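Here's the structure, in structure tokens; my notes come after.
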Amino acid sequence: MAKGIRDKVAILGMGCSKFGERWDREADDLIVEAYEEALKDAGIETSQIDAAWFSTAIEEQHVGKSGVPLAMALRLPYIPVTRVENYCASGSEAFRGATYAVASGACDIALALGVEKLKDTGYGGLPQRGRGALNSMFWANVSAPGSFAQLAAAYRAKHGVSRDDLKKAMAHISVKSHDNGARNPKAHLQNKITEEAVLKAPMVAEPLGLFDCCGVSDGSACAIVTTPEIARSLGKKDLISVKALQLAVSNGQEAQHNFWDGSYFATARAAAKRAYQEAGIEKPREQLSLVEAHDCFSITELVTMEDLYISPEGGAVKDVLDGFYDADGKMPCQIDGGLKCFGHPIGASGLRMIYEIYLQMLGRAGARQRQQEPVRGLVHNLGGFPHQNVCSIAIVGKHGA
Amino acid sequence: MVGIASFGGYIPRLRLSRKAVVEANGWFNASLRAYARAERAICSWDEDSLTMAVDAARDALADRRRDGFRALYLATTSAPFEDRQNAGIVAEALRLGEDLSTMDVGASQRAGTSGLIAALDAVAARGGPVLYIAAEKRRAAAASPHELLYGDGAAAFVLDRDDGVAKFIASRSSSVDFVDHFKGKGREFDYNWEERWIRDEGYLKIVPPVLKGVLAEAKLTPGDITHFCLPCTLPRVAQSLARAVGFAETSLRPNLDGQCGDTGTAHPLVMLVHALQEAKPGERILVASFGQGCDALIFEATATLPAMQKTRQGVLGSLSRRKEETNYARYLAFNDLVKMERGLRAEVDKQTQLSTLYRKKDMLLALVGGKCERCGTVQFPKSNICVNPNCRAMHSQVDQPFSEFTGRVMSFTADNLTYCPDPPAHYGMVQFAEGGRMMVDFTEVDPGRVEVGMPMRMVFRIKEVDPVRGFTKYFWKAAPIGAAKES
């Protein structure tokens, strides 16, 4: 196996806009809001950036195609700008591009920036959009909640969990994320909710109710990365570096072959195994300090805890109800509120998750700061549908750990 | 000799309560109260004449080879396309191959029987087998009596040079431009004249000579007819005709008015299938129809009929597969008879790339996937590289139809968010017993009744309609096997 990315690239600075219904802001306003924070954090000038990766997933809704919108918004001086899209894992893809560029030596300093302006559709939820000419002719009439809801049916069938028990664990996940979001001033949703409210909410796609679904938000997040040597030369002391960057993409086995039972993510398991190997992690349940999972829906977070080999298979319901993943539990998951409450501006989400781990590592997370000093954090960023998806796993942590 | 080698029938599962319709419209037209009994069959939003034609044909083809058909004829006055051969779409869905003569027959309520006579003549002249289908889903204006009287349904026959299960004895036709109703070009609905005139000057004067003529041609007497099929929703007309010609009173077949309603140009043949499901060997069936003239045909049941009666769903089986619909508003919505706020999500452009459709027509219309000749893995869609991770052979797949596969629900949801004309949209992963799987839309399911492990079969249905261009898109959906009877 290749030697991997571990400790080859450090995060020089990060920024994140306020997420939410930013009715008064264009995408370029959000881009600049995130970028200004990152630039100040990095302590550099725009002219020092060698290349940029720009992630948006539903660009037809706002900026349009190509790297031009980023170059225009930031007035980048004719440097390479690559626009990336990989479903909801697009933000992680931008980060991967920038990190690999630095690791290869082709760039000293690189920028990864993601943005999404989703609240201009005229209706709630993700935009309804085409899926490709042929796909539109034969795919089931799937929505995001409808495709992820099926995890619950298959998970229940496999593990013999009653509908009520699973709904209760799912409700705990949402209540926990709202508790965490309430301590995050940049979060889209900052209100606490009760389990009763979750269970009584209108049904979106059986068995997912309104509170089982994450927010659809406007927002932007970005990272400036460089080598550990350059970071130190620029005066950085507590380096946060990249430990692993893995991506697994469905090839049709789940959707068209016979082995997958629908209750988990085959991609997440493949990516997690490789990421732990790359990061030198043998016991994730003990060695990880924090997890930012792609909690687009409560059930996604639940099964993902097993796919990441943190909860044993069939054991996530118990861990969730035990409070293992609560902010004051053994391993907080979505300590910032997650997609559920921080929000989900698609192209920015992967970068937002890394942003949170970065803040927590540096003790800059304010009211939601984890007191037990975090060492390694895992970012799980997923796009697509359970039966065909893109799964990214990034592990970042203290340099040398 | 020429005969019916096989038959099949299809009546949609939904039955609209006439009482519910009259309760909604009786304030406006009090005379509708006379019809407030029993029910009529209605298509769900994803059914039309073509999907019903495919359903009826699959029933007729259940245990038969699909190669070697000489022709497929489709009779309907409610085709989804005015210019794109509808019979050709059915032929694609049924995988009858390209070496086939196809033709649409329409423009009259008599099309169903006229086309059948022509098809039997063609078999006599050039041989068979020929697949003959009649299907109808007529639109009717809200608050009209026709909305209550019409029904949706289809009948299918395999015709061949052999006596089959019912030997063709004789036929007779007349052509009279008697305009009891018409539907002008571009018009949505029929325009109808007075019923008493239709009865006295139409049925009672135009039909009897043809009935007498077909008996003469067959060298039979009225007493030789055991089953007399004549669709007519006017009260007592069929009885009067039977009496006028001399048929036994017991020969009058039920017109299924209270079960499925008048299925238009398909109805004489729906009644014929119904009769074939109950006839005994040696019994003779006379089927007649009225519409700018009259057609009449006589068949004689053979000794092989009883065996086939056990293996066909036909009309009897379809009628017992029933779900009552008491929500008249839903019927109006399904048929685009009321202006609905369908929401912004319904506005997505639904244009079909015709070149893509043509390239993938086997996959999209006939549900043909692939089977790897190296490892035997069946997979949908067919692809260049085998999906089996232990195989991955390239260019190894041959055509594998999935339409007759059965499977089980592996995962599912009922989705209230995605746009669907009949929410919640049910869909999920179906794992086929033969191997292969598909994330696919479900149809004929009821909220709260779907379960993991539920057995499913595949059915040809409307995927969506492009309202901008008037293009109906078809694909296959999963439906529960043996959909439960409901009271």
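The values are calculated or read from the model by the stated rules, or taken from the named source; none is laboratory data. Please read all numbers here as calculations on a predicted model, not as lab measurements. Cβ sites come from the backbone with ideal geometry, for glycine too, and all protein chains shown count toward neighbours.
B:N25 meets each of the listed conditions (1) touching a strand residue (DSSP E or B) at 6+ places or on another chain (Cβ under 9 Å); (2) farther than 18 Å from B:S320 by Cβ apart from (1).
Here is a yes/no grid of residues against (1) out of contact with any helix residue (DSSP H, G or I) (no Cβ under 9 Å at 6 or more places or on another chain); (2) without any contact (Cβ under 8 Å) to a residue 24 or more places away in the chain; (3) crowded, with 24+ Cβ neighbours inside 10 Å; (4) on the phi < 0 side of the Ramachandran plot:
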| position | (1), (2), (3), (4) |
| --- | --- |
| B:R126 | yes, no, no, yes |
| B:A134 | no, no, yes, yes |
| B:A143 | no, no, no, no |
| B:E147 | no, no, yes, yes |
| B:G151 | no, no, yes, yes |
| B:K167 | yes, no, no, yes |
| B:G184 | yes, yes, no, yes |
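When restricted to residues that are surrounded by fewer than 21 Cβ atoms within 10 Å (Cβ to Cβ) and touching a Leu at 6+ places or on another chain (Cβ under 8 Å), the range B:293-318 contains 1.
Within the range A:57-72, if we keep just the residues that are crowded, with 21+ Cβ neighbours inside 10 Å and out of contact with any Leu (no Cβ under 9 Å at 6 or more places or on another chain), the residue that is nearest to B:D349 (Cα to Cα) turns out to be A:E59. Residues of the range B:322-375 that are within 14 Å of chain A (Cβ to nearest Cβ), acidic (D, E) and either in contact with a helix residue (DSSP H, G or I) (Cβ under 9 Å, 6 or more places away or on another chain) or not in a helix (DSSP H, G or I) (or both): B:E341, B:D349, B:D362. Evaluating B:F178 against the criteria (1) in contact with a strand residue (DSSP E or B) (Cβ under 7 Å, 6 or more places away or on another chain); (2) surrounded by 18 or more Cβ atoms within 10 Å (Cβ to Cβ); (3) part of a loop (DSSP other than H, G, I, E, B) leaves one unmet condition, (1). Which of the residues that make up the range B:421-447 are in contact (Cβ under 8 Å) with a residue 24 or more places away in the chain, part of a loop (DSSP other than H, G, I, E, B) and not β-branched (V, I, T)? Once the filter is applied, which keeps residues that are in contact (Cβ under 8 Å) with a residue 24 or more places away in the chain, part of a loop (DSSP other than H, G, I, E, B) and not β-branched (V, I, T), the range B:421-447 yields B:P421, B:D422, B:A433, B:E434, B:G435, B:G436, B:E444, B:D446, B:P447.
Here B:A143 meets each of (1) assigned to a loop (DSSP other than H, G, I, E, B); (2) in contact with an Asp or Glu (Cβ under 8 Å, 6 or more places away or on another chain) with one exception, condition (2).
Against the list (1) surrounded by fewer than 24 Cβ atoms within 10 Å (Cβ to Cβ); (2) assigned to a loop (DSSP other than H, G, I, E, B), the condition A:D336 fails is (1). From the list A:P207, A:P202, A:P185, the one residue that fits, being of a type outside the set (D, E), within 25 Å of A:G323 (Cβ to Cβ) and within 9 Å of another protein chain (Cβ to nearest Cβ), is A:P207. Take the conditions (1) at pLDDT below 95; (2) in contact with a Cys (Cβ under 6 Å, 6 or more places away or on another chain); B:K350 misses just one of them, which is (2).
Before we move on, is A:S233 away from every other protein chain (no Cβ under 14 Å), under 30 Å from A:L12 (Cα atoms), in contact (Cβ under 8 Å) with a residue 60 or more places away in the chain and of a type outside the set (V, I, T)?
Against the criterion (away from every other protein chain (no Cβ under 14 Å), under 30 Å from A:L12 (Cα atoms), in contact (Cβ under 8 Å) with a residue 60 or more places away in the chain and of a type outside the set (V, I, T)), A:S233 does not qualify.
For the range B:251-281, a residue qualifies if it is assigned to a helix (DSSP H, G or I), of a type outside the set (A, V, I, L, M, F, W, C) and either under 20 Å from B:G291 (Cα atoms) or over 15 Å from the mean Cα position of the chain (by Cα) (or both), and the qualifying residues are B:S251, B:G264, B:T265, B:H267, B:P268. Tell me whether the range A:257-270 contains one or more residues that are of a type in the set (G, A, S), more than 14 Å from chain B (Cβ to nearest Cβ) and in a loop (DSSP other than H, G, I, E, B). No, every residue in the range A:257-270 fails to be of a type in the set (G, A, S), more than 14 Å from chain B (Cβ to nearest Cβ) and in a loop (DSSP other than H, G, I, E, B).
For B:A425, are the conditions met, namely being within 26 Å of B:V348 (Cα to Cα) and within 26 Å of the chain's Cα centre (by Cα)? So B:A425 fits the description; yes.
Hey, which of the helices (runs of 4 or more DSSP H) in the range B:1-116, taking only ones fully inside, have at least 2 residues that are under 30 Å from B:V368 (Cβ atoms)? Before you say what the answer is, go through the steps one by one.
Values: elements: B:18-25, B:49-60, B:86-94.
Passing ranges, in order: B:49-60, B:86-94.
Reported count of residues in the range A:87-102, each being farther than 13 Å from A:I224 by Cα and surrounded by fewer than 22 Cβ atoms within 10 Å (Cβ to Cβ), is 1. Count of the range B:389-420 residues, restricted to those that are within 8 Å of another protein chain (Cβ to nearest Cβ), surrounded by fewer than 21 Cβ atoms within 10 Å (Cβ to Cβ) and in contact (Cβ under 8 Å) with a residue 12 or more places away in the chain, is 1. The residues of the range A:143-167 that are in a loop (DSSP other than H, G, I, E, B) and either small (G, A, S) or within 10 Å of chain B (Cβ to nearest Cβ) (or both), listed by number, are A:S143, A:G160, A:S162. Going by the structure shown, is A:A140 at the interface with chain B (Cβ under 7 Å from one of its Cβ atoms) and in a helix (DSSP H, G or I)? Criteria not met by A:A140.
Within this structure, A:G124 passes the test of being out of contact with any Cys (no Cβ under 9 Å at 6 or more places or on another chain) and at pLDDT below 95. Looking only at the range B:14-23, decide whether some residue is of a type in the set (A, V, I, L, M), farther than 30 Å from B:P480 by Cβ and either surrounded by 21 or more Cβ atoms within 10 Å (Cβ to Cβ) or modelled with pLDDT of 95 or more (or both). For the range B:14-23, residues of a type in the set (A, V, I, L, M), farther than 30 Å from B:P480 by Cβ and either surrounded by 21 or more Cβ atoms within 10 Å (Cβ to Cβ) or modelled with pLDDT of 95 or more (or both): present.
Here are some residues: A:A365, A:A348, A:A327. Which one is of a type in the set (G, A, S) and either at positive phi or in contact with a Ser or Thr (Cβ under 7 Å, 6 or more places away or on another chain) (or both)? Being of a type in the set (G, A, S) and either at positive phi or in contact with a Ser or Thr (Cβ under 7 Å, 6 or more places away or on another chain) (or both) holds for just one of A:A365, A:A348, A:A327, which is A:A348. Tell me, please, whether a residue that is within 18 Å of A:D50 (Cβ to Cβ), away from chain B (no Cβ under 14 Å) and surrounded by fewer than 21 Cβ atoms within 10 Å (Cβ to Cβ) can be found in the range A:106-115. Yes, the conditions are met somewhere in the range A:106-115. For the structure I just gave you, tell me whether A:A171 is of a type in the set (A, V, I, L, M, F, W, C), away from chain B (no Cβ under 13 Å) and touching a Gly at 6+ places or on another chain (Cβ under 6 Å). Answer is no for this residue. Checking each residue in the range A:116-143 for being within 26 Å of A:Q246 (Cα to Cα) and buried (at least 24 other Cβ atoms within 10 Å of the Cβ) picks out only A:E116. Of everything in the range A:177-188 that is touching a helix residue (DSSP H, G or I) at 6+ places or on another chain (Cβ under 8 Å) and assigned to a helix (DSSP H, G or I), the residue that is surrounded by the most Cβ atoms within 10 Å (Cβ to Cβ) is A:S177.
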